[in-house]
Every structure is written in C-alpha cells, then in structure tokens.
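Chemist: One structure is given below, represented as structure tokens, and several questions about it will come after.
The values are calculated or read from the model by the stated rules, or taken from the named source; none is laboratory data. These numbers come from a predicted model, not from an experiment. Cβ placement follows ideal geometry from the backbone for every residue including glycine, while neighbour counts extend to all protein chains displayed. Accessible surface areas use protein heavy atoms only, side chains included; no ligands, DNA or RNA. Shrake-Rupley method; radii C 1.70, N 1.55, O 1.52, S 1.80 Å.
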Amino acid sequence: MLKEERHQKILDLLNIEQKVIASDLSQRFNVSEDTIRRDLKELDNQGLLKRVHSGALRVGPPITDFNYRETVASDRKKELAHKALPFLKEDSVIIIDGSTTNLALAKEIPQDFRATIITNSPPIAMELAQHPNIEIINIGGVFYKQSMINIGVQAYKQLRNIRADLYIMGIYNLDLDAGTSVPTTQESEIKREMVRISTEVLGMITNDKFGTISNHIVGPVDDLTYLISEDIPDKVRKEYSKQKIVLID
C-alpha cells in the first residue's frame, strides 16, 4: 500500500471512529508502529489530525471570526439552546461565557426571566440588556476580538470573588480522554476558573465536536454536569454513559 493511500485510510478511519490507536493501525496495515507514528506526525504537520500519546484524534474546527461562526449551523444551535433553557433557574447566579451557541441561548431566554448573569462576552451582555429582571455582571479584561470575549489577568481576578450556581461553558472541542480544550491558553485559564467557582456546569455541542481536540486543555469531561447535544451516535452515548454526566439529546 502506498503511503498516500495509507494516509487517506487513516483519515477515513478517524472520521468514522473519532480516535485511532497507533498499535491498531500497525496491525490493520501490516506495518511497524514506527511507520504509523511517522504517518501520524506527517498528517499532524498538515493540520489533518492531532497526535496524542497513543494515536490521534480529529482536529478541532479552525479558529474563525465570531461573526462568521454565528451564521454556521444556526438552526442546530437554536435547538440546543431550547434544550438548555429548563436548566436555567430563576433567582440563581449563572455564568455564560462566550460562544456562538451560548449567544443563541441568550437570545432564547424569556423576557421576564429573573436571575443574575455573569459573562465575559460583550455580545451576550448586549443581548440580555433589554431583560428588565436580569442583573448583568460584566467580566472585564483584554478583549479577544476573534472570540468576542474578555480574558487575561483582570478577568481571572474578578472571577475569584464570585460563586455561581450554574456555568454555561462554550465548548470548542470535547474528547472522552483529553477532556474539553480550546485554541488559546488564556481562554483555557478563564474557563477553568469558571468551572472552579460554579456548583454545576452545562455544555452544549453539535455532534461533530465529539472526539476533537485543541492545543490547550480546560479540564476532564467530568467537569461537566450536563452535556446537551444532538443525534448522539450509539458508540459515543455508551462511552459517555460511564461518566458522571447527564447526557441530553
């Protein structure tokens, strides 16, 4: 088998199985593990997968402009938002960080909903500005334009003085072994602090984010109390049912 053909088969398997193991690939293709490791390194260098200790995962979606991402899969994000609404309790303290799915949720919150909402996302704060019964606490800091969020030391220090009932985490990538991950160090630090100060954590993801990874780990999957998705594959459902997560689709 030519190297190029083997590379394509590895990518095909990765799309189907979400993760490939070097030792398994060695047996499937009847080549050495060293050969497979070189294959994975080449594919990683091309940005086609992400190497991990035992093999490789699907690479997460590229970092794109927030306004562009807001237009992608908007109907699917709205459906996820509707599923999340029952978990928002009145008279509670809720953190909602920045993501286009979380913005979709903010747009669905009833006009008369009563709560304190803490956010580092100016678009979410603006969306909730006309809700008369929502007290909005803005987390300041350095404005990261690509994700439309505030990050940095100031944001981190402000969060240290807060306790929340629920944190709605915007999720870039999710893998059972690697956990949740994001493209930037500072965002991962802010998310970790939001998890730490919250009693429960809820995440919403479209099903194409399962089995993907970025460079900066936020934390293990069991940081999540609730995970809302769509058309969850049976294999994924079985794997995640072993974790302490309420899985909803």
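Chemist: For a test of the definition: using alpha carbon positions, the gyration tensor, and the 1.5 limit on a/c, classify the stretch 1-49 as rounded, prolate or oblate.
Modeler: Verdict is rounded for the stretch 1-49.
Chemist: Then there's this: Go through Thr119, Thr225 and list them by solvent-accessible area, largest first, probe radius 1.4 Å.
Modeler: Thr225, Thr119
Chemist: Taking only Cα atoms, what is the 0 to 90° angle, nearest 10, from helix 185-196's long axis to the longest principal axis of the chain?
Modeler: Long axis of 185-196 versus the principal axis of the chain: about 60 degrees.
Chemist: Largest first, how would Leu174, Leu48 line up by accessible area (1.4 Å probe)?
Modeler: Leu48, Leu174
Chemist: May I pose another question? Need one value: the accessible area of Leu85 in square angstrom, 1.4 angstrom probe, rounded to the nearest 10.
Modeler: For Leu85, solvent-accessible area is about 40 Å².
Chemist: According to a simple spin-label model (label point 7 Å from Cα along Cα-to-Cβ), what is the distance in nm between Lys89 and Asp24?
Modeler: Distance between label points: 4.0 nm.
Chemist: Another question, if that's okay. Quick one: compute the contact order of the chain, relative version, from alpha carbon pairs under 8 angstrom and 6+ residues apart, as a percent. Numbers along the way, then the final one.
Modeler: Values: 474 pairs, mean separation 38.1, N = 249.
Once normalised by length, the contact order is 15 percent.
Chemist: Could you check the spin-label model distance between Arg163 and Thr199? Points 7 Å from the Cα along Cα→Cβ, value in nm.
Modeler: 1.0
Chemist: For helix 74-84, report the angle its Cα long axis makes with the longest principal axis of the Cα atoms of the chain; keep it between 0 and 90° and round to the nearest 10°.
Modeler: 60
Chemist: Let me know the shape class of the stretch 77-146, please: from the alpha-carbon gyration tensor, a ≥ b ≥ c as square roots of the eigenvalues, rounded when a/c is under 1.5, otherwise prolate if a/b is greater than b/c, or oblate.
Modeler: It comes out oblate by the Cα gyration axes.
Chemist: Taking a probe of 1.4 angstrom, what is the accessible area of Asp91 in Å², to the nearest 10?
Modeler: Its heavy atoms expose roughly 110 Å² to the probe.
Chemist: Working from the alpha-carbon coordinates of the chain, get Rg over Rh, Rh being the Kirkwood radius.
Modeler: Values: Rg = 19.4 Å, Rh = 19.1 Å.
Answer for the chain: 1.02.
Chemist: Sticking with this structure for a sec: Counting only the heavy atoms of the protein chains, how much of Met148 is accessible to a 1.4 Å probe, in Å² to the nearest 10?
Modeler: 50
Chemist: On to the next question. In the chain, what % of DSSP beta bridges are antiparallel (nearest 5)?
Modeler: 35
Chemist: Step by step: find N for the stretch 119-249, compute 2.2 N^0.38 Å, then divide the Cα radius of gyration by it. What's the final number?
Modeler: The reported ratio for this selection is 1.08.
Chemist: In addition: What 222 nm value per residue comes from the helices of the chain, counting each DSSP H run with n ≥ 4 as -39,500 (n - 2.57) and dividing by all residues, nearest 500 deg cm²/dmol?
Modeler: Rounded to the nearest 500, the figure is -11000 deg cm²/dmol.
Chemist: So what's Rg/Rh here for the stretch 57-200, counting alpha carbon atoms and using the Kirkwood radius for Rh?
Modeler: Here Rg/Rh amounts to 0.94.
Chemist: Could you tell me, in Å, what Rg and Dmax come out for the Cα atoms of the stretch 189-236?
Modeler: When restricted to Cα atoms, the stretch 189-236 yields Rg and Dmax of 11.8, 33 Å.
Chemist: Another question, then. Restricting to the stretch 80-210, what percent of DSSP beta bridges are antiparallel, rounded to 5?
Modeler: Antiparallel bridges make up about 25 percent of those DSSP assigns within the stretch 80-210.
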